[in-house]
Amino acid sequence: MTGNQMEALQWTAQQFERQVLDGKPQVAVFDCDGTLWGGDAGNGFMVWSLAQGLVSRETTDWIDTRYRGYLAGQVSEVEICGEMVQMYAGLRDEELRRAAADYVREFVEPRIFAEMAQLVDRLNQTGVALWAVSSTNKWVVAEGVRGFGIPEERILAAEARITNGLISGELVDVPTGEGKAVALKRVGLAHPDAVFGNSVHDLAMLELARRAYPVNPSPSLLAAAARNGWGCFRPAAAEGNQSSVAGE
């Protein structure tokens, strides 16, 4: 069988959960958008917050231009993810937390993959240390994973420095691509027991894992899963709607 003919084994929900639980992980790491829930909450929150008038007209025009550049391949993934945090510089951290809670309640919670919620609940019951790693801003991620039982101190996400309650333009981290693997190593997770991700931007951290679990994989990640001999799982709510990201 040639590389072009290889296909990743696709697990049923029961097979997927059994694969994970039988691995007896002590540490499990999850990407968020497209993995725990459907859609791109980072972009969604950006668009929603602009409509809510959270930032100035000048900032709105600037980020709109930058995002168009990203879609055209002129702005990198790490640049746009960082700028989608920096756009809130000067606002109060508390204000963004409230906005993120409102957004998640209305637009993220209805898209949570039921199978992933059940799996994470099972892992919580067995005392597994759960981590979230995402290039989406930390305000949205923190609210999105709250119901999964992932504490804020175990969230690695796009983040700006907060000074005296105010959001600065200084970035703390933008974990995407290789940056996700770097972020995990920085907190002492050089080889997590289980890692879950949906796109090529998760590939570097999936390759660190003792066991890698592509979930709702984009075409590029599906090809990588086949090359690496990984199985994959597509939640029922994602069937017929393959995950993809710009550049894939």
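Quick check: pseudo-label points 7 Å beyond the Cα along Cα→Cβ at LYS185 and GLU79, how many nm apart are they?
2.5
Take the Cα atoms of the range 113-240, build their convex hull, and give its volume per residue in Å³. Don't skip to the end; give the middle numbers.
Numbers: hull volume 15.7 nm³, N = 128.
Once divided by residue count, the hull of the range 113-240 is 123 Å³.
When N is the residue count of the range 1-91, what does its C-alpha Rg come to as a fraction of 2.2 N^0.38 Å?
1.59
Stretch GLU152-GLU207 to full length: gain in nm at 0.36 nm per residue minus the Cα-Cα span?
The span from GLU152 to GLU207 would gain 17.4 nm if fully extended.
What's the FRET efficiency of LEU21 with ARG105 using the Cβ-Cβ distance as r and R₀ = 35 Å, to the nearest 0.05?
Here the calculated transfer efficiency is 0.70.
When only Cα pairs under 8 Å and 6 or more residues apart are kept, what is the percent relative contact order across the range 1-84? Intermediate values should be presented prior to the final figure.
Working: 20 pairs, mean separation 12.6, N = 84.
Normalised by residue count, the contact order of the range 1-84 is 15 percent.
Grab the DSSP H runs of the chain that are 4 residues or longer, score each as -39,500 (n - 2.57), total them, divide by all residues and round the 222 nm result to the nearest 500 deg cm²/dmol.
-12500 deg cm²/dmol
When N counts the residues of the range 52-135, how does its alpha-carbon radius of gyration compare numerically with 2.2 N^0.38 Å, as a ratio?
My calculation over the Cα atoms of the range 52-135 gives 1.43.
If you find the alpha carbon centre of the range 9-57 and of the range 139-214, how far apart are they in angstrom?
Comparing the Cα centres of the range 9-57 and the range 139-214, I get a distance of 11 Å.
Report the extension gain between GLU58 and THR126 in nm, rounded to one decimal, defined as 0.36 nm multiplied by the number of residues separating them, less their alpha carbon distance. The partial results should precede the final answer.
On the way: separation 68, 0.36 × 68 = 24.48 nm, distance 4.93 nm.
This chain segment gains 19.6 nm when fully extended.
What is the mean projected area of the alpha carbon convex hull for the chain, to one decimal in square nanometres?
The number I arrive at for the chain is 13.2 nm².
How would ARG111, ARG234 line up by accessible area, probe 1.4 Å, largest first?
So, going from the largest accessible area down, we get ARG111, ARG234.
I'd like to check one number: the per residue accessible area of the range 53-199, probe 1.4 Å, reported in Å² as a whole number.
Counting only protein heavy atoms, the per-residue value for the range 53-199 is 47 Å².
Using a 1.4 Å probe on the protein heavy atoms, what percent of the accessible area of the range 20-112 belongs to carbon and sulfur?
With neighbouring chains kept in place, the figure for the range 20-112 is 46 percent.
For the range 143-196, take N as its residue count and report Rg(C-alpha) divided by 2.2 N^0.38 Å.
Rg over 2.2 N^0.38 Å, computed on Cα atoms: 1.28.
If you take the C-alpha gyration tensor of the range 119-174, multiply each eigenvalue by 5 and take the square root, what semi-axes do you get, largest first, in whole Å?
For the range 119-174, the ellipsoid semi-axes come out as 26, 10, 9 Å.
Applying 1/(1 + (r/R0)^6) with R0 = 30 Å to the Cβ-Cβ distance of LEU171 and GLN118, what FRET efficiency is obtained, to the nearest 0.05?
0.30
Report the calculated FRET efficiency for VAL47 and ILE162 (r = Cβ-Cβ distance, R0 = 30 Å), to the nearest 0.05.
Calculated transfer efficiency: 0.80.
The values are calculated or read from the model by the stated rules, or taken from the named source; none is laboratory data. Not measured: the values here are computed from a predicted model. Cβ coordinates were reconstructed from backbone atoms using ideal geometry, including for glycine residues, and neighbour counts include every protein chain displayed. Ligands, DNA and RNA are stripped out before the accessible areas are found, and what is left, the full protein with its side chains, is counted by its heavy atoms. Shrake-Rupley method; radii C 1.70, N 1.55, O 1.52, S 1.80 Å.
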